[in-house]
Amino acid sequence: MYGNSELRERLVLCSEWYSVDRKTGPAVQKFVFRKLREIGLEEEDLKLWTFVTDQGGNIKVAFRDSNFERINCAGHLLNTCLQACFKTKAKSQFPMAAEAVPTLTLITNSSLW
């Protein structure tokens, strides 16, 4: 907290990417701030905001070239870590324990992946 400010968490916007533009950093930045203006938020209103996003290169570029803070989403980081842990390679130097195979099978066959 800073002074009399209060930390709050809000989902402000969720939008489908309907643009024909490629999802480059500048295109993403333009899209995000256009959508925020559509709901009545100007860049001046966002001075104290921190944007929580995935780790996509285009997202990093979009916010690197702005005056806004961006941090990685913990859920996305955990997902990335778990996916890396459960990926197996034929010549893996770390063989998977037999007890883990049913869990890996369940995760692999899950519709969430």
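Remarks
- At most 13 other Cβ within 10 Å, DSSP loop - chymotrypsin sites (Phe, Trp or Tyr not before Pro), segment 1-71: Y2, W17, Y18
- Loop-located trypsin sites (Lys or Arg not before Pro) in segment 21-55, at most 11 other Cβ atoms within 10 Å (DSSP): R22, K47
- Model label points for Y18 and R64, set 7 angstrom from Cα along the Cα-to-Cβ axis, are 3.1 nm apart.
- Calculated FRET value between T108 and A74, using beta carbons and R₀ = 30 Å, to 0.05: 0.80
- Partner aspartates and glutamates for K23 [C-alpha distance under 17 Å; skip if fewer than 8 residues away on the same chain]: D54, D65
Taken together, the values in this text are just the output of simple stated rules run on the coordinates, not laboratory data. Remember, predicted model here, so these are calculated numbers, not experimental data. Backbone-built Cβ (ideal geometry, glycine too); neighbour counts: all protein chains shown.
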